[in-house]
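Derivation of every value follows stated rules applied to the coordinates shown; laboratory data play no part. The structure presented is a predicted model; accordingly, all values stated were derived computationally and were not measured. No Cβ is skipped: glycine too gets one built from the backbone with ideal geometry, and neighbour counts run over all protein chains shown.
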Amino acid sequence: MSDENGQTTSSISQHTSQNGSKNKITRQDKVKIILRVVLMLFLQIFLPFILYYTLNNYIPEIWALLISGIPPLAMAIYGLISKRRVDIIGILIIISFLSSAIASVINNDPKIQLLRKSVVSSIISLAFIISLIPIKIGTFKMRPFAFHLLKEMATGGTLGYSSSKVNLRGLTEDEPIDVRWDRYWASYQYFRRGFTIMTAIWGFGLLSTVPIRIIIVFKVSSVEKSFLYINVLQYIWMFMIAILTLICAWWMKRQGDKIAIDSNSDKPLE
């Protein structure tokens, strides 16, 4: 382990004391992060519920479902336009919304719109699972999808927050954040192991909800009840997956802090 991390951790420790004050998270940074999380939760969860149950009393169910899906769609479009970059999740949300909207209107079947999230979850979960396969072709080597997803968010993806103060410790203050992520992946076994575990959690966790959602859509008597059950299931399951992800992230942080302490005290790394 010392051979794997020696030069990198030594360089980091030399610059940590110089950049310590610059890398502290300010109250303003914390407020920005909290506001982004609150905005995401409101647009993804609460506003669609409010729109659907309000509009369902005045317009057909199929149109209430379509309109309730606009806030997440708008958020994905905003992320693509404002960041001027390819966002895999954002593109998938846009394509799935447009295709399901057209199909549900043509067939006049709101169940098609209810199945949209199941299709998205299936595609995303399969992407997570396939990325666990250690494929290597020439210079290309497959990395777990969680690594690419969180790196994209950290470097300014949809609703991401790019700041050296709330990111991986750099060799210098000016080291680009995306370079830091690639360097950590190449240098630290705990970093690679952590993202492998996260990818497995999200891949198999999301995939396990798909058959349950499909059963709800076709077995529950009304569209209104199906909409409620599917969303409640999704958010409870996502909460459980998020807790497991946070535990994994906490473990990764502890391993990183241990390496930094060992390098500063000139102890051999394990």
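Table for the structure above
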quantity	calculated
Contour minus Cα-Cα distance for residue 214 and residue 236 (0.36 nm per residue)	6.2 nm
Estimated distance in nm for a label pair at residue 53 and residue 81, the labels positioned 7 Å out from Cα along Cα-to-Cβ	3.1 nm
Theoretical FRET efficiency, 1/(1+(r/R0)^6), r = Cβ-Cβ of residue 260 and residue 41, R0 41 Å, to 0.05	0.80
